[in-house]
Amino acid sequence: MASLQIAPARVALRPMTDDDLPMLQQWIGRPHVAEWWDADEAAWSFERFRASYLPRVMAEEKVTPYIVQLDGRPVGFAQSYVAMGSGDGWWEDITDPGVRGIDQFIGEADLLGRGLGTAMVKALVRQLFADPAVTRVQTDPDPTNARAIRCYQKAGFRAVREIVTPDGPALYMLCECA
């Protein structure tokens with residue numbers, strides 16, 4: 001129903017802070033997130049989780065974390081990263097330093113299926129392409145995650161091919177303009 005759809009103007013991204021980490025760990029443990037994210041992270045001790053997700057630690061790995069807000073309320077997580085040189089078997093064939101990868105999830109289950117994912121991906125892509133150094137944005141959903149694939153397609157991504165990542169099978173998708 002169109003009246004249930006979330007208007008993109010209501011969605012904003014803000015930099016994640018250390019204070020967001022307890023909420024982030026809680027979201028990762030929710031069934032609708034754990035199905036597609038590394039569910040083991042929710043069971044980590046908070047100190048281990050914090051050591052991995054501290055914004056300054058993520059910045060050292062060229063990852064920029066965001067909290068997605070709907071009308072000012074935190075509702076999800078997004079991150080962008082420099083694909084080239086990611087390490088650990090990730091994106092070894094990427095030679096363009098302008099390629100950014102993205103990942104995200106909606107933390108609040110009651111907001112699924114209302115267009116929030118598409119709005120947040122569009123906001124993130126728009127923000128990334130505001131930097132003239134960014135040439136492309138890529139993502140790699142699980143090929144069985146139909147909801148994510150539809151979301152990316154609605155946000156302007158095209159499926160390129162199925163690949164195998166260090167996390168397993170994925171659908172490599174690209175967006176080349178905001």
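Let me check against my output: what whole-number percent is the relative contact order of the chain, with C-alpha pairs under 8 Å and at least 6 apart?
Numbers: 294 pairs, mean separation 35.2, N = 178.
Relative contact order for the chain comes out at 20 percent.
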Choice from Ile163, Ile106, Ile67 with maximal GNM fluctuation in the chain (Cα, 10 Å cutoff): Ile163
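Of all DSSP beta bridges in the chain, what percent run antiparallel (nearest 5)?
On the way: 31 of 34 bridges.
If I count the DSSP bridges inside the chain, around 90 percent turn out antiparallel.
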Matching label, volume of the Cα convex hull per residue in Å³ computed from the structure shown, candidates (1) 233; (2) 108; (3) 117: (3)
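Let me have the relative contact order for region 133-178, percent, based on Cα pairs under 8 Å that are six or more residues apart. Walk me through the numbers on the way to the answer.
Values: 65 pairs, mean separation 21.7, N = 46.
Contact order relative to length: 47 percent.
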Sites matching GluC sites (Glu not before Pro) across region 1-64 that sit in DSSP coil, with at most 16 neighbouring C-beta atoms within 10 Å: Glu35, Glu61
Estimated vicinal HN-Hα couplings, Hz - region 95-110 in sequence order (Karplus 6.51, -1.76, 1.60; Gly, Pro = x): 10, 8, x, x, 7, 10, x, 9, 9, 6, 8, 8, x, 9, 4, 5
³J(HN,Hα), Karplus 6.51/-1.76/1.60, whole Hz, each residue of region 141-154, x for Gly, Pro: x, 4, x, 9, 8, 4, 4, 5, 4, 4, 4, 5, 4, 5
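To make sure I understand, if each residue's beta carbon is the centre and we count other beta carbons within 10 Å, what order do Asp40, Asp103 fall in, fewest to most? Could the numbers behind the result be given before it?
Details: Asp40 9, Asp103 18.
In order of increasing Cβ crowding within 10 Å: Asp40, Asp103.
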Amide H contacts under 5 Å for Val99, placed H, 5+ residues apart: Ala83, Met84, Thr135, Arg136
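Based on the Cβ-Cβ distance of Glu60 and Ala12, what FRET efficiency does E = 1/(1 + (r/R0)^6) give at R0 = 30 Å, to the nearest 0.05?
Values: r = 26 Å, r/R0 = 0.86.
Working from the Cβ atoms, E equals 0.70.
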Within a Gaussian network of the chain (alpha carbon springs, distance under 10 Å), most fluctuating of Pro74, Pro22, Pro141: Pro22
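Every number here is computed from the coordinates shown, using simple stated rules; none is lab data. Values in this document were obtained by computation on a predicted structure and should not be read as measured data. A quick note on method: Cβ atoms are made from the backbone with ideal geometry, for glycine too, and the neighbour counts reach across all protein chains shown.
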